[in-house]
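The next block holds one structure in the form of structure tokens; read it before the comments.
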Amino acid sequence: MNIIKTPFKGCFVIEPQLFSDDRGYFFETFNEKKFLELTGLTVSFVQDNEAFSNRGIVRGLHFQKGKHAQAKLVRVIQGKVLDVVVDLREDSDTYGEHFSMILSGENKKQLFIPRGFAHGYSVLEDHTVFVYKCDNYYHKESEGGIIYNDEELNIDWMLPESEIQLSEKDKVLPGFMNIILE
């Protein structure tokens with residue numbers, strides 16, 4: 001496992017060590033002991049989620065507030081997404097900034113997102129399977145979000161506006177300057 005720092009404290013790209021031969025491949029998707037050694041962070045995942053989507057879907061930007069905040073380890077099993085995080089930690093030097101990267105079934109990279117971030121992704125290929133682990137359970141009353149096309153954040157989702165498809169809930173999310181974090 002190779003850990004790469006991002007511009008955001010506590011947020012890491014994880015490149016697994018892939019073992020492949022004529023039978024296929026094998027890799028370890030997570031190892032708590034190695035993760036602690038390489039990042040200095042202790043994490044205990046309690047929930048795994050999976051989403052299937054086709055090209056043009058944008059999910060997010062979502063977050064959980066307060067004691068229900070979640071750290072996530074995200075990856076793509078099949079297909080390709082542009083994964084996006086926004087730092088919502090008001091005491092952070094990178095508050096209000098975003099980071100994005102391609103996650104795909106081909107590159108097998110993962111992104112560890114600490115608590116205090118909004119998260120979303122745009123689906124760049126049909127038949128994409130996105131999976132993620134959370135260190136806290138989903139709590140509906142604590143969910144929050146930011147509209148994907150917020151002018152303050154100015155995120156390039158790598159899709160033409162005419163292709164973007166949102167859930168009804170995501171269409172009415174507030175802008176970054178109007179989110180409530182408590």
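What the table below lists for this structure:
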read-out	value
The listed residue being among the acidic types (D, E) and within 26 Å of K9 (Cβ to Cβ), out of D126, D150	D150
The stretch 1-58, subset of a type in the set (S, T, N, Q) and not in a loop (DSSP other than H, G, I, E, B), residue surrounded by the most Cβ atoms within 10 Å (Cβ to Cβ)	S53
Strands (runs of 3 or more DSSP E) contained entirely in the stretch 82-171, each with at least 3 residues that are among the small types (G, A, S)	117-123
Number of the exception - F63 against (1) under 21 Å from G175 (Cβ atoms); (2) modelled with pLDDT under 95	(2)
Residue among D91, D83 that alone is without any contact (Cβ under 8 Å) to a residue 40 or more places away in the chain and under 15 Å from the mean Cα position of the chain (by Cα)	D83
Considering residues of the stretch 172-182 that are assigned to a loop (DSSP other than H, G, I, E, B) and of a type in the set (A, V, I, L, M) only, the residue surrounded by the most Cβ atoms within 10 Å (Cβ to Cβ)	L173
The stretch 159-170 - residue that is touching a residue at least 24 places away in the same chain (Cβ under 8 Å) and under 15 Å from L61 (Cα atoms) and, of those, surrounded by the most Cβ atoms within 10 Å (Cβ to Cβ)	D170
Unique match (being free of Cβ contacts under 8 Å to residues at least 24 places away in the same chain and more than 25 Å from G96 (Cβ to Cβ)) among Q47, Q17	Q17
Qualifying residues in the stretch 59-68 (those that are in a strand (DSSP E or B) and not small (G, A, S)) - the one farthest from V81 (Cα to Cα)	Q64
Output for the stretch 73-99, where each listed residue is buried (at least 23 other Cβ atoms within 10 Å of the Cβ) and touching a His at 6+ places or on another chain (Cβ under 7 Å)	V84, V85, V86
Residue under evaluation D48, criteria (1) touching a helix residue (DSSP H, G or I) at 6+ places or on another chain (Cβ under 7 Å); (2) closer than 17 Å to V131 by Cβ, criterion not met	(1)
Matching option when the condition is among the charged types (D, E, K, R) and surrounded by 15 or more Cβ atoms within 10 Å (Cβ to Cβ), among E125, E152	E125
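The values are calculated or read from the model by the stated rules, or taken from the named source; none is laboratory data. Everything numeric in this text was worked out from a predicted model, so none of it was measured. Ideal geometry is used to build each Cβ from the backbone, glycine not excepted, and the neighbour counts take in all protein chains shown.
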